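Notes follow the structure.
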Amino acid sequence: MSIYTVSIVRGDDVARQVREAVNLLGGMERFVKPGDRVLVKPNMTGPASYEKGVTTNPAVVEALARMALEAGAGAVDIGDGTGSVHIGSLKVLELCGMAEAAGRLGCGLVDLNKGECVKIPVEGGLILDYVLVNRNFLEYDAVINVPVLKTHFITEVSLGMKNMKGCIPPVEKRRFHDVGVNKAVADLNKVVRTALTVMDGTVAGEGLGPKEGRPVGFKTVLAGANVLAVDMTAAAVMGFVPEEIEHIRMAAEHGLGPAGSGEIQVVGEPVEAIRRKFLPAVPTMPDSDRARIINYQACSGCMGAAAIAISRLTDMGFFEAWGGERLTLVIGTKVPAGVGAEPDTFLLGNCAVRKESGGRVIQGCAPSALDVANMILDYYGITARPYV
């Protein structure tokens with residue numbers, strides 16, 4: 001039986017935490033060799049501050065990039081392929097503080113949504129025969145995966161394995177949701193490997209993640225060479241049973257790391273000492289006589305935006321005052337033609353929008369829940385605004 005080591009460090013000094021977490025594994029020299037081209041890959045879900053528990057803390061990324069350079073890396077880049085394709089990865093990296101961190105160290109910034117992709121076969125895949133992966137990503141000698149410790153309302157948690165979706169192009173991200181994202185994430189991690197995973201739990205996220213959750217000042221960093229081992233440990237720290245989380249369980253069954261938590265050795269802080277029950281991400285998909293969501297294979301961004309927008313409209317009393325019969329939000333990549341022509345129906349998200357239909361189109365990839373609610377209110381001439 002193989003034993004996988006995961007380190008856990010708590011504290012207020014982020015740079016010290018990161019260094020200690022990596023040193024407990026043998027130091028950065030174990031993962032980065034002299035002359036290596038290194039990619040530090042944060043989670044850049046969208047243009048949101050790390051203080052919201054949505055994106056990676058730039059201080060964690062900067063500490064890792066500095067350590068890689070100290071270990072002799074020939075070049076270090078910071079990059080991701082954001083889900084906010086309408087803004088662009090480089091702009092999101094800038095808005096989230098990564099450009100400043102890169103500038104201080106002389107690192108480059110990389111948009112993994114851009115450039116040529118390689119079609120990699122998935123042997124014995126759960127759902128995929130192949131995966132399209134950014135060629136630039138594959139050419140790095142070492143990749144340091146830096147996800148955020150947060151919940152997700154489709155995959156339950158969004159941790160290290162889920163963060164690897166950032167190395168595939170937008171069309172592939174959409175395909176993952178079309179075929180089943182849990183199985184697709186497990187398949188992706190069969191063909192894409194990282195040297196080191198450092199989980200940013202300095203500010204974590206609970207509730208309606210990955211974008212609309214509640215920040216948790218957790219002051220914790222986890223690290224390990226095996227991404228599945230780190231994810232299992234992180235899920236346990238969050239109060240979940242790792243083996244009950246679908247993509248984690250499937251990855252374990254396919255031999256991507258430990259078969260269970262019993263094969264993981266934790267160094268530093270014990271899991272029991274810091275375990276906290278995170279609020280799960282459990283959105284309701286409204287389907288009542290006043291509001292409903294019709295989902296044609298939408299991504300998590302549009303599902304969350306639609307559900308939360310209706311929740312906010314409900315909280316502000318919109319449906320009591322509104323004179324319409326039934327509000328319908330249509331989301332997804334497979335929306336049939338003509339659906340948006342129905343009364344009080346809004347097409348939400350760029351994938352659902354094929355052409356404008358009566359002004360009831362809400363664009364974005366994905367639009368924020370607040371924007372969705374406000375656009376609906378504007379359409380009906382209502383000046384009140386939902387609680388934020």
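Things to note:
- Residues that are in a helix (DSSP H, G or I) and either in contact (Cβ under 8 Å) with a residue 60 or more places away in the chain or basic (Lys, Arg) (or both), drawn from the range 94-121: Arg104
- Single unsatisfied condition, Ala184 versus (1) crowded, with 23+ Cβ neighbours inside 10 Å; (2) touching a Ser or Thr at 6+ places or on another chain (Cβ under 7 Å); (3) not acidic (Asp, Glu): (2)
- The combined condition, being under 21 Å from Arg174 (Cα atoms), of a type in the set (Gly, Ala, Ser) and either in the same structural domain as Ala366 (by TED's automatic domain parsing) or in a loop (DSSP other than H, G, I, E, B) (or both), is not fulfilled by Gly124.
- The residue pairs whose first member lies in the range 165-192 and is at positive phi, whose second member is not in a helix (DSSP H, G or I), and whose beta carbons are closer than 7 Å, counting only pairs six or more residues apart or on different chains, are Gly180/Ile127.
- If you go through the range 8-56 and keep only what is polar (S, T, N, Q) and under 19 Å from Val203 (Cβ atoms), you end up with Gln17, Asn43, Thr45, Ser49, Thr55, Thr56.
- Only one entry in Asp200, Asp231 is in contact with a strand residue (DSSP E or B) (Cβ under 9 Å, 6 or more places away or on another chain), closer than 26 Å to Gly46 by Cβ, part of a helix (DSSP H, G or I) and at pLDDT 95 or above, namely Asp231.
- Every listed requirement among (1) under 23 Å from the mean Cα position of the chain (by Cα); (2) free of Cβ contacts under 8 Å to residues at least 12 places away in the same chain; (3) more than 23 Å from Gly205 (Cα to Cα) is met by Gly262 save one, (1).
- Exclusive hit being surrounded by fewer than 18 Cβ atoms within 10 Å (Cβ to Cβ), aliphatic (A, V, I, L, M) and either under 29 Å from Ala305 (Cα atoms) or in the same structural domain as Leu256 (by TED's automatic domain parsing) (or both), set Ala15, Ala48, Ala65: Ala15
- Any hit, the range 99-109, residues being in contact with a helix residue (DSSP H, G or I) (Cβ under 8 Å, 6 or more places away or on another chain) and over 23 Å from Arg16 (Cα atoms): yes
The values are calculated or read from the model by the stated rules, or taken from the named source; none is laboratory data. Since the structure is predicted, the reported quantities are computational estimates derived from the model, not experimental observations. Cβ coordinates were reconstructed from backbone atoms using ideal geometry, including for glycine residues, and neighbour counts include every protein chain displayed.
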